[in-house]
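The values are calculated or read from the model by the stated rules, or taken from the named source; none is laboratory data. These numbers come from a predicted model, not from an experiment. Using ideal geometry, Cβ is built from the backbone for each residue, glycine included, and neighbour counts are taken over all protein chains shown. To get the accessible areas, we keep the full protein, side chains included, count just its heavy atoms, and leave off ligands, DNA and RNA. Shrake-Rupley method; radii C 1.70, N 1.55, O 1.52, S 1.80 Å.
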Amino acid sequence: MYQPTALDTQLLHERASQLDRQLAANRAQTLSDEHLRPLRLQNGLYIQRHAPMLRIAIAYGMLRSSQLRGLAAVARRYDRGYGHLTTRQNMQLNWIALEDVPKALHDLADVGLHGIQSSGNCLRNITADALAGIAPDELFDIRPYAELLRQWSTFHPELSFLPRKFKVALTGSPEDRALVQVHDLAFEALPLRADGAWFRVRVGGGLGRTPILGPVVKDELHWTDLLSYTHAVMRVYNEHGRRDNLTKARIKILVRTLGVEAFAAQVDEAWQTMRHGPDQLHPEDLDRVVQHFVEPDWTKGRAMAALPTDDPAFSRWLSRNRLPHKQPGFAAVLLTVKGAGRAPGDLTSDEMDTVAEVADRFSQGFVRVTHAQNLVLPAVAEADLPELFAVLRPLGLAAPVGGLLGDLVACPGGDYCSLANARSLPVAEDISARYANLDRQEALGPIDLRISGCMNSCGHHHMGQIGILGVDKDGDAFYQVLLGGSTGHGNPAALGKVIGKAFSENEVADAVEAILDEYLEQRQPGESFREALLRLGPAGFAAAAETARKGPALAQDLED
């Protein structure tokens, strides 16, 4: 992963000091709340339901143990001793005091972390496949290209005041573990050629009120054109994007309004004017970035002599939480930050410190953050897996639920977020408690369940095989249930569809349980939930969910 230089650290401290002055001017009433708002947002500072919230960018999901300790210390010193991992490889602190934010940012700068452009109408934290560089199926490692984009875009003036927020993702594998099709701009690796890396480009994906899978606007783009083509996309967006209507301001609306071909033609026209300008990349640019990457010592791999057969708990954990690895003698290990009694993605400062120690001991100090609110140890020697399991088990981070219902995804919802229409965490807790038994989860097989507290879709509910969306009806919270989403894990990406009328908070977990019971009743031998849904269609599952309703049905269908 990329190691910050002295200049990188200096810039982060300068930005923290700048925000400190802006907050002081606001307190002195020489800078209005209205004018402060875009400035604080571009440093990751929100004003949420109960307190300010600081969002910290974890660039393309990569962390060192020293950075995890830095996050632990900041959460302990300035917040309530825990942080929340988001679905875009960020960490959020939900209770930080306004006056403490610059101090926290200075502390984070010391370990190469920041909140810059993790919110606001700008190009956001660039995300990527959490298994980049280690996945056996990847065509090439996309992280150096993500770093080139990150460095170029972070302080770019033309990308700082866009019509709306703008999210970018990269993937190097045919299996989409970065959800690239629901990003504003996405780069998909193509097979490596003699002249280097090439990408397929998608523009205009996104969830929210109008969920759209991003269409391809360019079939082939050489890596040296990565910045100039991105700049051309942004220039067209800046020129034509709506600034008078918040719900129509995302680039996905512009692409749909102009049409994919017309939009791509405008981008290409703009690109030709700047392609060979200062944004053009050269081999020395890539070399410079690669030289600042520090990777595990891949010569230290050690195969596991024999699989222990006397511990079924270890075998179960290994089958679910050991991830494929392309380096001989190594395994990637999923640490599931989920389970009954824990909000999905929540880690205490003590747990962060402990994971940092575990990473030093078993993964050469490397940690990664996934889009599903989990952590990954990317460099564990296979021979150390039994010992690692023994260490993780009492910490509550060894739940063998990777890919199962217990690995559900949820945003913070109405308990924290001022935008939310409904609470997500109680629903997640209810479902987790009902399916806490691992045998019950295994009987269901792979289930991808995702919960969002509002239309902003931070829980990616459209992408879940089962999705839950909190909606407001005359001041009361209700929940729509969606079926049929897919993140593209070995299957085409798909958006889930709403079934029936919305459920109240005390009904929604019953509805999910009824859907899953219907699946168990109707499935064929070896048939997954997704396969059964495709074969049977949603009607039977919707009818089963309706039978679980406790009170009178909502008077009308709610708009998605």
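Considering only residues of region 341-365 that are in contact with an Asp or Glu (Cβ under 8 Å, 6 or more places away or on another chain) and more than 24 Å from Thr487 (Cβ to Cβ), which is most open to solvent (accessible area, probe 1.4 Å)? Outline the logic, then answer.
Within region 341-365, the first condition is being in contact with an Asp or Glu (Cβ under 8 Å, 6 or more places away or on another chain), and the residues that meet it are 341, 343, 362, 364.
Checking the rest, the ones that are also more than 24 Å from Thr487 (Cβ to Cβ) come to 341, 362, 364.
Values: Gly341: 73, Phe362: 11, Gln364: 57 Å².
In this case the residue turns out to be Gly341.
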Worksheet entry | Hits in region 164-201 - residues which are more than 22 Å from the chain's Cα centre (by Cα), open to solvent by less than 30 Å² (accessible area, probe 1.4 Å) and not aliphatic (A, V, I, L, M) | Gly196
Worksheet entry | When residues of region 465-495 are limited to those that are modelled with pLDDT of 95 or more and within 13 Å of Val182 (Cα to Cα), the one most open to solvent (accessible area, probe 1.4 Å) | Leu495
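Filter region 403-417 for residues that are open to solvent by less than 10 Å² (accessible area, probe 1.4 Å) and assigned to a loop (DSSP other than H, G, I, E, B); which is farthest from Ala428 (Cα to Cα)?
Taking region 403-417 and keeping what is open to solvent by less than 10 Å² (accessible area, probe 1.4 Å), we get 404-405, 408-410, 413.
With the extra rule that they be assigned to a loop (DSSP other than H, G, I, E, B), the set shrinks to 404, 408.
Details: Leu404: 14, Leu408: 8 Å.
Across region 403-417, the extreme among qualifying residues is Leu404.
Quick grid of which residues meet (1) in a helix (DSSP H, G or I); (2) open to solvent by 10 Å² or more (accessible area, probe 1.4 Å):
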| site | (1), (2) |
| --- | --- |
| Asn421 | no, yes |
| Val427 | yes, no |
| Asp430 | yes, yes |
| Ala436 | no, yes |
| Ala443 | yes, yes |
| Pro446 | no, yes |
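State yes or no: is Gln291 surrounded by fewer than 17 Cβ atoms within 10 Å (Cβ to Cβ), among the polar types (S, T, N, Q) and under 21 Å from Gln364 (Cα atoms)? Explain how you work it out, then say what you get.
Numbers: surrounded by fewer than 17 Cβ atoms within 10 Å (Cβ to Cβ): yes; among the polar types (S, T, N, Q): yes; under 21 Å from Gln364 (Cα atoms): yes.
For Gln291, the condition - surrounded by fewer than 17 Cβ atoms within 10 Å (Cβ to Cβ), among the polar types (S, T, N, Q) and under 21 Å from Gln364 (Cα atoms) - is met.
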Worksheet entry | Odd one out for Gln117 among (1) touching a helix residue (DSSP H, G or I) at 6+ places or on another chain (Cβ under 6 Å); (2) in contact (Cβ under 8 Å) with a residue 60 or more places away in the chain; (3) of a type outside the set (Val, Ile, Thr); (4) within 26 Å of Lys167 (Cβ to Cβ) | (1)
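Test Val333 against the stated conditions and say whether it is under 27 Å from Val180 (Cα atoms), out of contact with any Pro (no Cβ under 9 Å at 6 or more places or on another chain), modelled with pLDDT of 95 or more and surrounded by 18 or more Cβ atoms within 10 Å (Cβ to Cβ). I'd like the intermediate steps shown before the answer.
Working: under 27 Å from Val180 (Cα atoms): yes; out of contact with any Pro (no Cβ under 9 Å at 6 or more places or on another chain): no; modelled with pLDDT of 95 or more: yes; surrounded by 18 or more Cβ atoms within 10 Å (Cβ to Cβ): yes.
Considered against the rule, which asks whether it is under 27 Å from Val180 (Cα atoms), out of contact with any Pro (no Cβ under 9 Å at 6 or more places or on another chain), modelled with pLDDT of 95 or more and surrounded by 18 or more Cβ atoms within 10 Å (Cβ to Cβ), Val333 comes out as no.
Pick from region 21-52 the residues that are part of a helix (DSSP H, G or I) and touching a Lys or Arg at 6+ places or on another chain (Cβ under 8 Å): which of them is least open to solvent (accessible area, probe 1.4 Å)? Show your work before the answer.
We begin by selecting, within region 21-52, every residue part of a helix (DSSP H, G or I); these are 21-27, 33-41.
Adding the requirement that they be touching a Lys or Arg at 6+ places or on another chain (Cβ under 8 Å) leaves 22-23.
On the way: Gln22: 29, Leu23: 5 Å².
Only one residue fits best here, namely Leu23.
Here is a yes/no grid of residues against (1) more than 29 Å from the chain's Cα centre (by Cα); (2) on the phi < 0 side of the Ramachandran plot:
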{"site": "Pro296", "(1), (2)": "no, yes"}
{"site": "Met304", "(1), (2)": "yes, yes"}
{"site": "Leu307", "(1), (2)": "yes, yes"}
{"site": "Asp311", "(1), (2)": "yes, yes"}
{"site": "Pro324", "(1), (2)": "no, yes"}
{"site": "Gly329", "(1), (2)": "no, no"}
{"site": "Ala340", "(1), (2)": "no, yes"}
